[in-house]
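Take this structure, written in structure tokens, and hold onto it; I'll ask about it next.
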Amino acid sequence: MTLGMALRVVGRLPGGTPGKEWVEVLLTCGRRLNTQNTYSGALATFWAYCNDVQIAAGLEPLSFLPASQATIVGWLAWMFEQDSVHHSSLKVYMSAVNQLHADHGYDRPCIDHHVRLAAKGFKWLEAQRGGRVWARGAASAAAIYLILLLGLATADPEELRAATGVILCFVFCLRPDSLVLVKEGNLSLRADGLHILAGGKNIDLLDIKGLTLPWPQLPTGGPDVHRPSPHRLLQRYLACFTEERRAGDFALRLVGDPRGWQASRVEAWLASCLKATRQEPPPGVLWTMYSLRSGAATAAHSIGVSLPSIQRWGLWKSLGGVEPYIDALVQPSSEALLFFGHLRRSAPSALPPYPS
């Protein structure tokens, strides 16, 4: 749909206007690739409802663009009837339709009172259906620690890569789409620790920041190179894939991987690691790739790391953006201390020891 938006803007510029040929490029690059892909799927569903579903029912197609509030409410009701979408995904679907309309100069139809009311009804009825209602939760530091141990012990190269991806996403509190875009030269082991250059979003490539995870320390001082740590895991990964990694490519993409390289790879890595370590989230909770970022923020908060420190470490733009990721009821753990103890500025009392 970006092409239509570009043509609409380009059409307002006289022929030969300097920069006109770059309009479509700028507008396309202004929205993250992962967001574009997600919106495309949602808009395909909306298109099908406005056209194919109506024709199959013996009716005239509904206006897709612009769409009326009545059409939006009908679409939500149809998706509920089909049981094809869960309430937790509705926000993405409605955002896709809103952005499509905004791109073409129309009012956003999904901010209407009746649309919001229908979305609330969708949530209530889904809970009454009797099926499982899942809520995405923060992955626990204890579960991530077992994945670290898996990566340090496995003889399966792909399992090693999966564990490395999960651990890096967790310890640096990264968005999944930021992790997969980390370049080969922007991930390294140095004398002061594990260093990464990453951005808060993959659109912020000019605003990447460096983060350094210090080596675990011996009681007597100096780095502890024998304790299980993300540093040792990265050492294994780099040693295992010396020939499969390509200079200038993404750090976790190897020779032979498909051309498509998206954040969904992190989802697959997490699922395979949880299966390999025989772990499941608590009842009613779903762990997805986004649970790594919320789990990291939650673990850091549990051991007394300040919100400004979590914000800076996770590359959030504001303190308000951090709070929804944190489960303030999670208690401190030795695993959380291992991963995020370096971020503390004042040591809370009664912290547990490092995991042995």
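Give the separation of the Cα centroids, region 206-250 to region 110-177, in Å.
24 Å
A follow-up question, please. Considering the options Tyr49, Tyr93, Phe172, tell which one lies farthest towards the positive end of the dipole of region 26-179, charges being +1 on Lys and Arg and -1 on Asp and Glu at the Cβ, about the Cα centre.
Selected residue: Phe172.
At 0.36 nm per residue, and after removing the present C-alpha to C-alpha distance, how many nm does the segment from Ala77 to Asp107 gain when stretched out fully? Don't jump to the answer; show the numbers that get you there.
Numbers: separation 30, 0.36 × 30 = 10.80 nm, distance 2.15 nm.
Between Ala77 and Asp107, full extension yields an extra 8.6 nm.
Using only Cα atoms, find the angle between the long axis of helix 264-276 and the longest principal axis of the chain, and express it within 0 to 90 degrees, rounded to the nearest 10.
On a 0 to 90 degree scale, this one is about 50.
Between 0 and 90 degrees, rounded to the nearest ten: what's the tilt of helix 290-302 against the longest Cα principal axis of the chain?
Here the helix axis deviates by roughly 50 degrees.
Ignoring the sites themselves, what is the longest stretch of the chain with no trypsin sites (Lys or Arg not before Pro) in a DSSP loop and at most 14 other beta-carbon atoms within 10 Å?
13-128
Sticking with this structure for a sec: Using a 1.4 angstrom probe and counting only protein chains, how large is the accessible area of Glu335 in Å², to 10?
Accessible surface of Glu335 is approximately 40 Å².
Would you work out which of Ala271, Leu329, Val23 lies farthest towards the positive end of the dipole of the chain? Charges go on Cβ: Lys and Arg +1, Asp and Glu -1.
Checking the options against the dipole of the chain, the answer is Leu329.
Hey, got the dipole for region 11-78? About the Cα centre, +1 on K and R Cβ, -1 on D and E Cβ, debye to the nearest 20?
Here the size comes out at about 280 debye.
If you work out Rg/Rh (Cα atoms, Kirkwood Rh) from the coordinates, which of [x] 1.49; [y] 1.02; [z] 0.97 do you get?
Read-out taken from this structure: [y].
Amide H to amide H under 5 Å from Ser306: which residues, 5+ apart in sequence or cross-chain, H placed 1.01 Å off N in plane?
Arg345
Another question, then. Just the accessible area per residue of region 10-111, please: how many Å² with a 1.4 Å probe?
Computed with neighbouring chains in place, this is 56 Å² per residue.
Over region 156-263, what is the relative contact order in whole percent, taking alpha-carbon pairs under 8 Å and six or more residues apart?
Working: 141 pairs, mean separation 33.5, N = 108.
Result for region 156-263 is 31 percent.
Turning to a different aspect of this structure: With angles folded into 0 to 90 degrees, how steeply does helix 230-240 sit against the dominant principal axis of the chain? Use alpha carbons for both and round to 10.
80 degrees
With a cap of 15 neighbouring Cβ atoms within 10 Å, and only residues DSSP puts in a loop, list the GluC sites (Glu not before Pro) found in region 170-273.
Glu243, Glu244
Relative contact order for the chain: what is it in percent, counting Cα pairs under 8 Å that are at least 6 residues apart?
So the answer I get is 17 percent.
Can you send over the carbon and sulfur percentage of the accessible area for the chain, probe radius 1.4 Å, protein chains only? Display every interim value, and only then the final one.
Working: 10500 of 18470 Å².
About 57 percent, which is the carbon plus sulfur part of the accessible surface.
The values are calculated or read from the model by the stated rules, or taken from the named source; none is laboratory data. Being a predicted model, the structure only gives us computed values, none of them experimental. No Cβ is skipped: glycine too gets one built from the backbone with ideal geometry, and neighbour counts run over all protein chains shown. Just so you know, the surface numbers come from the protein's heavy atoms only, side chains and all, with ligands and any DNA or RNA stripped out. Shrake-Rupley method; radii C 1.70, N 1.55, O 1.52, S 1.80 Å.
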